[in-house]
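Data block below; observations after.
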Amino acid sequence: MKLRHRSFACGILGAGLVSSAAVASQPTPKALGFQDAATPIMEQINAFHVDRLLPIIIAISIFVLALLVWVAVRYNAKANPTPSRTTHNVPLEIVWTAIPILLLLFIAVPSFAIIDKEDNLPEAEVTVKAIGHQWYWSYEYPDFEGIAFDSYMVPDEELNGRPRLLATDTHVVVPADTVVKVIITSEDVNHAWAIPAFGVKRDAIPGRINETWFKVDEPGLYYGQCSELCGIKHGFMPITVEVVSKDEFDAWVTEAKELYADAAPARQFDVGR
């Protein structure tokens, strides 16, 4: 299926719904850190990174730098003309083995808890199938018969103020405050469906089904990209997720069914529902 409904994307899936969108999550110049979190999972990832991981990394970096400076000053040839012939120090070796183990446990335990929440999908209210191709994404809505479309990057000459390399001609539209399950696969090579603001990144692998989920409270546009090197146009298969109110989503479903009624049937995958 390679239907491109650009006029629909620029109307119903573009300005028609975006007018009510409150935020747009995308990379910004000279930014440090992650994009603003749009889901509870991403909030936890951000907190883990800022409150736990960064302090440890900074402390270790300062400690190692101090050791290097001390060794360079204390044990250079001028200050220490007769070098020590020490071969080992058992207490020191125990310390420098035990401390990294404790640090790794301090990092691993909360990270495993976050991974567990990512992998244990709650009961979904809306399901979207994302299928990777060289080089575009196609989408199906199994809950709503007849809704299936391809999503291509908007070329530079048609951006009209939209972000370059991120905007797509057709958006993935989902309702706010709703658990959305995304079923991910590929038709050719490995891809990856990733939305940084959601804390979502899942590989799209031929012949295999991967799943992820998100729940976004704030309506808006959220951008992502393929995050698995998949060929010459890897950098040209972005993702645009448009989160709208539930009423707007219901209206979109009605219009989308009419628009795609005459489209060729989408390729079907066994999703194990």
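The values are calculated or read from the model by the stated rules, or taken from the named source; none is laboratory data. No experiment lies behind these values; they were computed from the predicted model shown. Ideal geometry is used to build each Cβ from the backbone, glycine not excepted, and the neighbour counts take in all protein chains shown. To get the accessible areas, we keep the full protein, side chains included, count just its heavy atoms, and leave off ligands, DNA and RNA. Shrake-Rupley method; radii C 1.70, N 1.55, O 1.52, S 1.80 Å.
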TODO: In debye, nearest 20, what is the charge dipole magnitude of the chain about its Cα centre with +1 on Lys and Arg Cβ and -1 on Asp and Glu Cβ, if you could check?
DONE: 1600 debye
Task: Contact order normalised by residue count of the chain, Cα under 8 Å, 6+ apart, percent - done: 25 percent
Task: Positive-end extreme of charge dipole, segment 17-163 - chosen from A72, A130, I41 (charges on Cβ) - done: A72
TODO: Sketch the reach of a paramagnetic label on D250 as a point 7 Å from Cα along Cα-to-Cβ, and name the residues of segment 175-209 whose backbone nitrogen lies under 11 Å away.
DONE: none
Open item on the list: Looking at the chain as a GNM with Cα springs under 10 Å, which of T212, T168, T240 has the largest mean-square fluctuation?
Closed with: T212
TODO: At 0.36 nm per residue, minus the direct Cα-Cα distance, what do I58 and I232 gain on full extension? Give it in nm, one decimal, please.
DONE: 58.9 nm
TODO: Per DSSP H run of at least 4 residues, take -39500 (n - 2.57); add these up for the chain, divide by its residues and hand me the 222 nm value, nearest 500 deg cm²/dmol.
DONE: -9500 deg cm²/dmol
Task: Peptides 105-114, 40-49 ordered by average Cβ neighbours within 10 Å, highest first - done: 40-49, 105-114
Task: Probe 1.4 Å, protein heavy atoms only - accessible area per residue of the chain in square angstrom - done: 56 Å²
Task: Greater than 21 Å apart at Cα, pairs in K117/K246; K201/K257; K30/K201; K117/K201 - done: K117/K246; K201/K257; K30/K201
Task: Selected from V172, A192, L259, residue furthest toward positive end of dipole (segment 152-273; charges at beta carbon) - done: A192
Task: Solvent-accessible surface (1.4 angstrom probe) belonging to S227, in square angstrom, nearest 10 - done: 50 Å²
Open item on the list: Per-residue counts of other Cβ atoms within 10 Å, averaged by peptide: what ranking do you get for 229-237, 87-95, highest first?
Closed with: 229-237, 87-95
